[in-house]
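Remarks on the structure that follows.
Derivation of every value follows stated rules applied to the coordinates shown; laboratory data play no part. Only a predicted model underlies this, so the values are computations on that prediction, with no experimental measurement involved. Because the Cβ atoms are built from the backbone with ideal geometry, glycine has one as well, and the counts that use them run over all protein chains shown.
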């Protein structure tokens with residue numbers, strides 16, 4: 001009975017968190033588009049949207065959804081390598097779960113824990129689930145930085161004149177590079193990771209002894225997970241290479257959405273690589289901001305990057321369509337899928 005009550009309480013807490021995060025997410029969207037629409041030439045906007053070529057919008061939607069497929073491929077490959085019984089359909093579910101909860105939580109912190117939870121519910125060991133997610137996260141973070149730097153080099157003369165974006169780009173490289181560095185230390189150097197743990201513990205201990213002790217407990221568990229991941233990577237280098245390739249395809253496809261949206265709106269003489277890699281710069285620049293789905297800053301950044309080279313009414317329409325296709329549409333679809341999954345589980349429980 002106690003276990004059942006605990007599960008019910010946990011479910012209630014999780015539901016409250018989801019409602020709270022979703023409400024904040026929706027509020028951010030409303031505020032963002034309220035302030036954006038106030039400045040937009042609505043007549044020009046609707047005129048541009050009315051002449052949109054649907055075929056390019058559909059191609060953009062395909063490229064955006066392919067993002068989930070590539071992540072599912074990585075999960076499937078890595079879980080199979082770890083001798084776990086799974087299917088591609090289940091791995092696609094983990095990608096859907098990750099995208100939705102990353103979208104509605106600050107700094108995308110909710111996606112990975114929920115993915116591990118769903119994997120564990122499908123009888124995948126906690127250790128292997130954690131290794132799979134950590135390997136994916138490491139490859140994603142490293143690839144995001146690499147593509148962003150390539151994008152900056154390709155578009156150096158253009159981006160260096162944007163000021164605001166360039167500053168955020170450098171901060172993005174530094175912060176994400178620092179996180180990647182800590183991950184590498186934690187994975188491959190027990191001595192350095194222990195020293196890092198002790199250093200952080202001492203700082204927290206000066207302010208709060210209880211929180212310092214809790215940190216020590218959690219960090220020791222996480223270190224074991226990172227070391228397990230390191231062993232997996234060292235023993236399966238080819239899998240890591242394949243994960244990097246899949247992740248590169250995943251992000252390049254995702255960054256391509258804006259190019260096809262510009263084509264849909266009739267913009268001519270645009271370079272695929274320029275637009276795609278400008279998106280990689282924008283993506284890295286806004287990734288450091290702890291807002292759910294980077295709502296608000298992504299839209300603002302999009303306008304700032306493309307205003308100098310694309311007509312104003314087209315940029316506004318492209319921003320709405322690009323974010324609508326690559327983010328909001330996928331959030332809605334993944335949310336509906338998760339709702340169907342949870343309703344099916346409830347019905348099975350009743351039966």
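Taken along the Cα-to-beta-carbon direction at a fixed 7 Å, the label points for residue 182 and residue 329 span 3.6 nm. Using R₀ = 22 Å, calculate the FRET efficiency as 1/(1 + (r/R₀)^6) where r is the Cβ-Cβ separation of residue 65 and residue 174; round to 0.05. Approximately 0.10, to the nearest 0.05.
Pop the C-beta distance of residue 51 and residue 245 into the FRET formula with R0 = 30 Å and round what comes out to the nearest 0.05. Efficiency, from the Cβ-Cβ distance: 0.20. The mean sequence distance of close C-alpha pairs (under 8 Å, at least 6 residues apart), as a share of the length of the range 44-350, puts its relative contact order at 33 percent. A simple packing score, the average count of other Cβ atoms within 10 Å per residue, orders the peptides 59-66, 313-320, 79-86, 232-239 as 313-320, 59-66, 79-86, 232-239, with the highest score first.
At 10 °C and 1.306 mPa s, grab the translational diffusion coefficient of the range 44-350 from Stokes-Einstein with a Kirkwood Rh over Cα pairs, rounded to a whole number in µm² per second. It comes out at roughly 76 µm²/s. Extending 7 Å from Cα along the Cβ direction at residue 271 and again at residue 213 yields two label points whose distance is 6.0 nm. Extending 7 Å from the Cα toward the beta-carbon at both residue 80 and residue 122 defines two label points whose distance is 1.3 nm.
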